[in-house]
1. Is there any pair with a first residue in region D:8-30 that is more than 8 Å from every other protein chain (Cβ to nearest Cβ) and a second that is surrounded by fewer than 16 Cβ atoms within 10 Å (Cβ to Cβ) whose Cβ atoms are under 6 Å apart and which are 6 or more apart or on different chains, and what are they?
2. Can you tell which of D:ASP272, D:ASP237, D:ASP257 is over 22 Å from the mean Cα position of the chain (by Cα) and free of Cβ contacts under 8 Å to residues at least 12 places away in the same chain?
3. Only residues that are of a type in the set (A, V, I, L, M, F, W, C) and open to solvent by less than 50 Å² (accessible area, probe 1.4 Å): list them for region D:249-275, please.
4. Go through the residues of region B:80-91 one by one and say whether even a single one is modelled with pLDDT under 85 and open to solvent by less than 40 Å² (accessible area, probe 1.4 Å).
5. Do we have any residue at all in region D:368-375 that's open to solvent by 40 Å² or more (accessible area, probe 1.4 Å), of a type outside the set (Asp, Glu), at pLDDT 95 or above and out of contact with any strand residue (DSSP E or B) (no Cβ under 7 Å at 6 or more places or on another chain)?
6. Quickly run through region C:283-298 and pick out the residues that are more than 10 Å from chain B (Cβ to nearest Cβ), closer than 23 Å to C:LEU204 by Cβ and open to solvent by 10 Å² or more (accessible area, probe 1.4 Å).
7. Please go through region A:226-248 and pick out each residue that is surrounded by 13 or more Cβ atoms within 10 Å (Cβ to Cβ) and among the charged types (D, E, K, R).
8. If you check every pair at least six apart or on different chains, which have Cβ atoms under 6 Å apart with a residue in region A:130-150 that is in the same structural domain as A:THR14 (by TED's automatic domain parsing) first and a residue that is assigned to a helix (DSSP H, G or I) and open to solvent by 10 Å² or more (accessible area, probe 1.4 Å) second?
Protein chains: 4
Amino acid sequence: MDLLHSYKKTRNRTVALCDTLETEDFVVQPVAFVSPPKWHLGHTTWFFETFLLKPYARHYTAFDDSYDYVFNSYYETVGARVIRTDRGNLSRPSVSDVLSYRNHVDKAMAAFLKASPSPELDSLIRLGLAHEEQHQELLLTDIKYILGNNPLFPSYGPPPPLPTPTLSYESGEFLTVKEGVYEIGFQGTGFCFDNELVRHKVYLETYAISPTLVTNAEYLEFMEAGGYTDFRYWHSDGWAWVNDHGIEAPLYWHKIDGQWQRYGWKGLVAVDPAAPVCHVSYYEAAAYAAWKHLRLPTEAEWEIAAEDFHWGLRWEWTESAYLPYPGFEKAPGAIGEYNGKFMVNQQVLRGASEATSPGHSRISYRNFFQPELRWQFTGIRLAR
Amino acid sequence: MDLLHSYKKTRNRTVALCDTLETEDFVVQPVAFVSPPKWHLGHTTWFFETFLLKPYARHYTAFDDSYDYVFNSYYETVGARVIRTDRGNLSRPSVSDVLSYRNHVDKAMAAFLKASPSPELDSLIRLGLAHEEQHQELLLTDIKYILGNNPLFPSYGPPPPLPTPTLSYESGEFLTVKEGVYEIGFQGTGFCFDNELVRHKVYLETYAISPTLVTNAEYLEFMEAGGYTDFRYWHSDGWAWVNDHGIEAPLYWHKIDGQWQRYGWKGLVAVDPAAPVCHVSYYEAAAYAAWKHLRLPTEAEWEIAAEDFHWGLRWEWTESAYLPYPGFEKAPGAIGEYNGKFMVNQQVLRGASEATSPGHSRISYRNFFQPELRWQFTGIRLAR
Amino acid sequence: MDLLHSYKKTRNRTVALCDTLETEDFVVQPVAFVSPPKWHLGHTTWFFETFLLKPYARHYTAFDDSYDYVFNSYYETVGARVIRTDRGNLSRPSVSDVLSYRNHVDKAMAAFLKASPSPELDSLIRLGLAHEEQHQELLLTDIKYILGNNPLFPSYGPPPPLPTPTLSYESGEFLTVKEGVYEIGFQGTGFCFDNELVRHKVYLETYAISPTLVTNAEYLEFMEAGGYTDFRYWHSDGWAWVNDHGIEAPLYWHKIDGQWQRYGWKGLVAVDPAAPVCHVSYYEAAAYAAWKHLRLPTEAEWEIAAEDFHWGLRWEWTESAYLPYPGFEKAPGAIGEYNGKFMVNQQVLRGASEATSPGHSRISYRNFFQPELRWQFTGIRLAR
Amino acid sequence: MDLLHSYKKTRNRTVALCDTLETEDFVVQPVAFVSPPKWHLGHTTWFFETFLLKPYARHYTAFDDSYDYVFNSYYETVGARVIRTDRGNLSRPSVSDVLSYRNHVDKAMAAFLKASPSPELDSLIRLGLAHEEQHQELLLTDIKYILGNNPLFPSYGPPPPLPTPTLSYESGEFLTVKEGVYEIGFQGTGFCFDNELVRHKVYLETYAISPTLVTNAEYLEFMEAGGYTDFRYWHSDGWAWVNDHGIEAPLYWHKIDGQWQRYGWKGLVAVDPAAPVCHVSYYEAAAYAAWKHLRLPTEAEWEIAAEDFHWGLRWEWTESAYLPYPGFEKAPGAIGEYNGKFMVNQQVLRGASEATSPGHSRISYRNFFQPELRWQFTGIRLAR
């Protein structure tokens, strides 16, 4: 029953996050890396239907066979899928159809969970819920992108039930960690993703890490010092990205009548100097660090030090590429496509953000994105 | 009052054409040349607001100043516009907002028309209505594209109130026209577009033209004879188009279990051998004609012969490029952007189609599209 | 023997045009529409080998079978061809190999011509020579592009043996032609291309045409009046072209220290105000005419009036799209690919230029290019 | 004098590598990542002129000021540069000009070196020579690409003076390395690149590594088992790369009459089953390893084990992304652009290849390329 309770709570939260949307907002896909909200609603449902109900629930009847094609994301094992960039071209299934699909699956799942599935399925169900929590965050970041790139700058309405940051962001002394052999990776008995395993030893040189995130005020200094126009601070790929796309500020920032404003949940607001900078790419994070004659921490440095500072408001770019831990093994079948196949050309982010689902994050969590992306709630922590 | 009646009738028909749509269908733009239905609803309204109400109606209050930016199409004179390919990224204004916009403008126009505007504005109002009728056809062809490219192939519902073709399409003898000096172009006192003027003389060699359109059965012969794989029938640009896009049948055709089906207003149906072929590009029309050792008519040949055959079910590709008639003059200001600036790289189509608004077509009407486009209801008439 | 003499003279001239080139200049292809000089040398030779020697010359041994693949241009009938944009990637065959190929074919052709081929082959041989003359002009324009886009601006050396223009370019009264039925198209017994046939009647309205070409001084007025930044003068496609490519002057013009210079055969020189403007696109020609409240002539207007003015220094853009004349028929086989398949999306140019081979031009000659191209020696004549 | 001797030897070898080329081969650039041979000749010369002669040699006169623009590669500090993809469009400076440039600089450098420059410049000169050795390998791989993609498959002539591999490639038992703290990075007093520093400790889990490279015969098994058509073995980016480019074999492989052949220095030859597979991307290397249920080694694993196996015939892909070592610091100025700015989106390769300059490699050497590139002499070593 605990699992059923978790199931309902997680599933309901996904729909609740869309409460203030207009039907039209569920449909569009302004760039390839954003998915339409109704696709998130359908895809998370498809996960439970495909991996739990169809193989294990007796007498389950699929809601609509064509949905397999529409809501599959990248699971090559499971069959053809709608090319990702085309999702925004699909007006059907309608939002109302997708909500019916959710109800259909939720009813079947409730019955299935009440019937006490074999304990071996527990981890698969928990994976489905963790998957849905990940999509909750993507749903929020995608909604922000859809509304924030509309020339009318519509409000999302009252902010989502997000964690209230009570953290202090007064700048502090860097924390020092002595060189030696440390252990990183998941330990314990709860849920974790395969990419957090195997827990293993690493050797770290002595390093220092900031207890606080870089603020908007600090980042503005970089901008005003010409940071975006001096190639010396940038990776070669980053410099090409800045110039090809005319980048000159974090995402969602607009200079209006000489003042920097940013698009937030309620529309355009003034940039708050004390808040941690948000929506920067890895390239920007690394360039900022270079300008300060500092660097970003590695993911191992982050994990070892994290118990000694507050984290959770921003996904923090690290200097680590996303690679398998020693002893990493892919699960067999479609579930094995979850993480391993992305282990090239991406950077690790650590922490969590104001859009992360409650209870979803942990100290060993490895988030990852391409270095140019910045529609997640990303920020900067410095090391040396 | 006559003009008011026309105004209401035309404006209401536009909305009526959308009766069977879901809200989601109003939003998407699967390719650059298709516009979202809600954009058509807004843009036709913007025309009356911008060219009639704002300059001439006393005390008119604009519905929303930002709409100027959102619903301007290509009128460079009038200010910045949303890049055409981005229209499908905009979830706002919502459909309901756009309908309110229409009501707001319709009320103001009704008052304006009742107050008897100066006769000089008549032709501008009639241009606005002709413009809306053109968008009615585009609305239908865009809806068909949106639904017809959805993997669920949803029905548009009952077909729109379209003309019932009572025409006979039995193949007949080609009609012969003797060489000599003829006159083409608009004559009379009603409304016409600037591109139909000035009526002028042309010299035509003796020619023969088919009284009927090419049927699906006839076009299938071309397909089965390998027409799409033999470069000899194709323009150089057409051959590149066929190969770059893997073209092997008209748009909306799907071979399912060995049978050709096509997407129509009610979903997928079998191809009717007796119906005139539809949704072909100029390249396909010209290749078909070359395969038959025949050719397409010029627009002058079409216009001179058209009184002697039935037309109106398909927009018929001609061998004429879209160029100004002798003595053509652009109107001053934004209205002058209507036609003249497109007079390069396009082919003329003559006739009308099942999607053309009632009363919109006439024998001197010059439609025009790029030679590769085929989402209009286009067909083929042969000449020699 | 007359044909042999013509053959040698034409073939020698092609090589002579390359006298001042470095080996490296024969190889590169800076843009897709330019071909490397060694490709022109090979392709014109391939024409005689493929269409004359292989089918008709007894005991002819091909120079190298792989050349068929390398030097075929667009003749789909004859087999696979090197994709046009890849020509600049081929360092082999070397220039010296290509010259050996020319010698091999020239010897065989000389023997073949001495043996008096059947008279039916005469027109094919003359087509081969006309084809080579066309490539002589392309060779010159491509060389100019290759050198003129090199940051070192190397000189071509002494200008090629081009016609000395003795024409007067003082501005004169427009010539008036009365309305009526006229005849255009090739007449006579000499050589012409298939696209100049059939000679036929056209009806022309009364028109006036300038006896002189637009000069650099006149074109500079347009530039200084903001012609490149005012959309009202431009076709929609032309306006997109101007903005996408940042066009603000004719090709090869550079503003250096406030002075307009142009790249010519000897390197950078000051723009001569009295010379006819050169290297403009159709879009620029049409925009200039619109700015003057005039227009470009149609090709029929040009041909009827051309006896009354000097022409031959510039290819003159006309308002006519490139379309088949009434009664036009493609030759069967590969030769039929010569002209007909290009009859869409191109504009007709009339006249000739300083780079045209001596004796190659005539009053009925129809040159054609896409409206955005301007590396030919193109100019502007006005009409109204 | 020792340095002068090294200088002459290295500089002469670069030119000697081009001995069998035709002039035309020096010019072309078939893809963006390949540079024309004459560019390599010029760019390596530009390095000595820019960083040694101009700042430190009294009375040095630049050969040609415009060369600064032409031969600068990516050194943003030093000024404008020819966009990399445009190098193949430049026929000038000619090969002969570039050789004169080399002579000019070599004479000045000889005088400069005889005059005993201050010892502080030693490392800069050695960097210039190491830089030239790197370009020698690129020169060879670029030449191979230029000739190997020519439809005539010309021979490079006698193979370059490359190391004769005397290594045994009989398959052997995997070598086991016990877990513990190890040290990697450059140590000693000779030359190394900045990216090999600082030598530092790493913790390695117990691992096993193959003493031999994967052979063509072994790789063919993967191909025949359908390795290129089964997504399960591939990274997500790798699978997209395979499908977008239709990859189905290593670079330079051609199936001719049912037999696999490869382009080598002397033209097309049969694939040798016993030779180590060459010209594979990181994606292919990783997919092969996944198919074998093994993995690639990390760069630390490679470096620790390398003393116990033969290496030097192939650049061996590792599972390590190219990242800074702890304590890495960029040099100030243009030299600082050498390595650090590429530390994102690339994979590390270890070892050396048959095209590596004699004496250039060492056990701590870190080569790096994007994961899809394969025109280097890349191969596969397995670990578990």
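The values are calculated or read from the model by the stated rules, or taken from the named source; none is laboratory data. Quantities reported herein were computed from a predicted structural model and do not represent experimental measurements. FYI the Cβ positions are ideal-geometry reconstructions off the backbone, even for glycines, and counts take in every protein chain you see. Heavy atoms of the whole protein, side chains included, go into the accessibility calculation; ligands, DNA and RNA do not. Shrake-Rupley method; radii C 1.70, N 1.55, O 1.52, S 1.80 Å.
1. D:THR20/D:GLY157
2. Numbers: D:ASP272 fails: free of Cβ contacts under 8 Å to residues at least 12 places away in the same chain; D:ASP237 fails: free of Cβ contacts under 8 Å to residues at least 12 places away in the same chain.
Only one candidate passes the filter, namely D:ASP257.
3. Of the residues in region D:249-275, the ones of a type in the set (A, V, I, L, M, F, W, C) are D:249, D:251, D:253, D:256, D:260, D:265, D:268-271, D:274-275.
Answer for region D:249-275, where residues must be of a type in the set (A, V, I, L, M, F, W, C) and open to solvent by less than 50 Å² (accessible area, probe 1.4 Å): D:ALA249, D:LEU251, D:TRP253, D:TRP265, D:VAL271, D:ALA275.
4. First, the residues of region B:80-91 that are modelled with pLDDT under 85: B:80-86.
Checking the rest, the ones that are also open to solvent by less than 40 Å² (accessible area, probe 1.4 Å) come to B:82.
So far as region B:80-91 goes, yes, one or more of its residues are modelled with pLDDT under 85 and open to solvent by less than 40 Å² (accessible area, probe 1.4 Å).
5. Here is the first cut: in region D:368-375, the ones open to solvent by 40 Å² or more (accessible area, probe 1.4 Å) are D:370, D:372.
Filter again for of a type outside the set (Asp, Glu), leaving D:370.
If we keep only those that are at pLDDT 95 or above too, we end up with D:370.
Those left that are additionally out of contact with any strand residue (DSSP E or B) (no Cβ under 7 Å at 6 or more places or on another chain): D:370.
Yes, because at least one residue in region D:368-375 is open to solvent by 40 Å² or more (accessible area, probe 1.4 Å), of a type outside the set (Asp, Glu), at pLDDT 95 or above and out of contact with any strand residue (DSSP E or B) (no Cβ under 7 Å at 6 or more places or on another chain).
6. C:LYS292, C:LEU294
7. At the first step, the residues of region A:226-248 found to be surrounded by 13 or more Cβ atoms within 10 Å (Cβ to Cβ) are A:227-228, A:230-243, A:247.
Listed by number, the residues that qualify are A:ASP230, A:ARG232, A:ASP237.
8. A:GLU132/A:THR10
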